[in-house]
1. Between D52 and T153, what is the label-point separation in nm under the 7 Å Cα-to-beta-carbon projection?
2. Stretched out fully, how many nm does the piece from D89 to N76 gain, at 0.36 nm a residue minus the Cα gap?
3. What nm distance separates the two modelled labels at A61 and A172, each placed 7 Å from Cα along Cα→Cβ?
4. How high is the relative contact order of the stretch 60-122, given as a whole-number percent (alpha carbon pairs under 8 Å, six or more residues apart)?
5. Please list, in order along the stretch 33-47, the HN-Hα scalar couplings obtained from phi with the Karplus expression 6.51 cos²θ - 1.76 cosθ + 1.60 (θ = phi - 60°), rounded to whole Hz, x for Gly and Pro.
6. Can you tell me what the convex hull of the Cα atoms of the chain projects to on average, as an area in nm²?
7. Just to confirm the filter: which GluC sites (Glu not before Pro) across the stretch 64-96 are DSSP coil and have at most 16 other Cβ within 10 angstrom of their Cβ?
8. Helix-derived [θ] at 222 nm for the chain: sum -39500 (n - 2.57) over DSSP H runs of at least 4, divide by residue count, nearest 500?
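All of the numbers you see were taken from the coordinates with simple rules; none came from a lab. Because the structure is a prediction, the values reported are computed rather than measured. Note: ideal-geometry Cβ built from the backbone for every residue, glycine included; neighbour counts use all protein chains shown.
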Amino acid sequence: MSKPSTIAIDGTAASGKSTIGRLLAERLGYLYLDTGAMYRAVTWVALQRGLDIADEEAITALAEAVEIEVVPPTANDGRQYTVYADGEDVTWQIRRPEVDANVSPVSAYPGVRRALTAQQRRIGRRGRVVMVGRDIGTVVMPDADLKIYLDATVEERARRRYREILARGERADYGEVLAAMRRRDKFDSEREVAPLRPAKDAVIIDTTDLTVEEVLARVMELVEANCES
Ligand code: DC
């Protein structure tokens with residue numbers, strides 16, 4: 001058998017999904033699609049337009065209308081990819097705290113998920129893709145050739161997020177980051193539509209005590225093993 005063509009990576013926030021997904025895609029020469037960026041882009045545009053995040057109808061209509069593109073980096077400023085919303089570069093805006101605070105409810109609306117899932121499936125069908133998110137192995141690409149689910153303790157994930165914020169030169173409080181992480185975990189795993197959970201056939205990797213290189217090595221083993229099966 002040849003290399004897996006569609007690879008799904010799901011997991012909790014700051015479990016290492018994005019880093020591993022990007023590096024894996026680079027190694028394999030595949031497209032890297034971070035689907036979280038799409039939910040974030042819808043959230044950012046909604047906030048920009050002054051929409052009420054609680055207004056499900058308005059947010060859903062926006063998700064159906066706005067054109068979101070995630071493409072290889074267009075600037076050399078540390079970005080992993082470039083995100084456009086209706087042609088505007090929103091790559092850094094979607095990392096702002098107000099997006100963090102509002103993206104969970106936006107991503108819980110069934111209509112928003114329907115609109116973004118349809119786009120993600122179209123991209124998945126082309127193959128040679130590493131797609132990262134919360135529901136890739138369960139909903140978006142249930143037939144993915146390889147499914148990986150990454151997790152780590154909430155304290156370790158909060159530490160990673162905290163360091164990321166400091167590295168961007170912003171201020172942060174570890175306790176607050178930890179509390180926000182717990183809230184997001186709860187919301188993402190308890191929502192009715194596409195809740196965060198590993199697919200039955202996903203390989204689960206606990207990254208708490210592993211370096212990025214170690215996780216990548218483990219994932220590459222799985223890719224190779226998949227070739228032999
Ligand atoms: O991975 P992230 O932190 O950028 O994701 C942002 C939010 O989007 C997160 O609260 C969960 C949601 N999300 C989702 O519901 N489904 C996905 N496939 C990806 C992200």
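1. Distance between the two pseudo-spin positions: 4.3 nm.
2. 3.3 nm
3. 3.7
4. The normalised contact order for the stretch 60-122 reaches 29 percent.
5. Along the stretch 33-47, the couplings run 10, 8, 6, x, 4, 6, 5, 5, 5, 4, 4, 5, 5, 4, 5 Hz.
6. The number I arrive at for the chain is 12.0 nm².
7. Counting only loop positions with at most 16 other Cβ atoms within 10 Å, the GluC sites (Glu not before Pro) in the stretch 64-96 are E67.
8. After summing the helix terms and dividing by residue count, I get -16000 deg cm²/dmol.
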